[in-house]
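All remarks here apply to the structure that follows.
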Amino acid sequence: MIITRSLIFIILHIVTAMIFSIMAVIAWIMPFKSRYKIVSQWAIFNLWLLKIICHIHYEVKGLDNISENPCIILCKHQSAWETLALQAIFPPQVWVIKRELLWIPFFGWGLASLNPIAINRRTKRKALNQIIKQGKSRLLSGIWVIIFPEGTRTASGIMNKFGMGGVKLAVETGFPIIPVAHDAGKVWPRQSFIKYPGVIKLVVGTKIESNGKKASDLNKSVFNWINIEMKILESKN
């Protein structure tokens, strides 16, 4: 039954991605926030599909830590689930992504319409400068910036070293960081077709101010917070 439910979901996931990608291309003439409101409905709809088909629910702790002013979100990366959930939980946002994602037919079109910061991870210095320059522009225009500091999805129970892009952006711009932890990997493991029923717990941390701090110290603070929260979440699984 789990395999059947997972198959039904992935089919609808792909079909709806194609539909919304075409809508995204049509909506490209609209201002970003209007376009974002339309395109992000795909993520919200897929969270609903996960609930009714795969019996995957989620709970959020710390919603009161989300401010009206834009912040930089550094989020644990375990699954594809958080790429959907962050759009439902936080205000209009852009992501730092690997540029290859834009080359995926249909999906890449929709993603491109959301003005991501698409970097070439092989050119590290150039990529970092791009994150700072474009990230600052997005933040000053009132858009949140999402960064997965591990760079790639990791299995449950694993914490990879954090890259410096997010904290460098924070230090250079003075915008605060909001750390996010979750245990989505238990129900939607990375690179897995199977979606297991369960309740995902996501925790939104309090703002970590960046003014007057060194990037290395800031990175350590974010890493430690997420690491502690992950241990708490995963000890309950």
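The values are calculated or read from the model by the stated rules, or taken from the named source; none is laboratory data. Since the model is a prediction, treat every value here as computed from it, not as a measurement. Note: ideal-geometry Cβ built from the backbone for every residue, glycine included; neighbour counts use all protein chains shown.
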Top-ranked residue in the stretch 81-92 [being within 9 Å of the chain's Cα centre (by Cα) and of a type outside the set (D, E, K, R); ranked as farthest from Ile143 (Cα to Cα)]: Trp81
Single condition Leu114 does not satisfy, out of (1) assigned to a helix (DSSP H, G or I); (2) modelled with pLDDT under 90; (3) buried (at least 18 other Cβ atoms within 10 Å of the Cβ): (1)
Residue count for the stretch 128-167, restricted to those that are assigned to a loop (DSSP other than H, G, I, E, B), touching a residue at least 40 places away in the same chain (Cβ under 8 Å) and in contact with an Asp or Glu (Cβ under 7 Å, 6 or more places away or on another chain): 3
Failed item, numbered, when Ile10 is tested on (1) in a strand (DSSP E or B); (2) over 30 Å from Ser141 (Cα atoms): (1)
Conditions (1) farther than 25 Å from Asp64 by Cβ; (2) surrounded by 15 or more Cβ atoms within 10 Å (Cβ to Cβ): number failed by Lys214: (2)
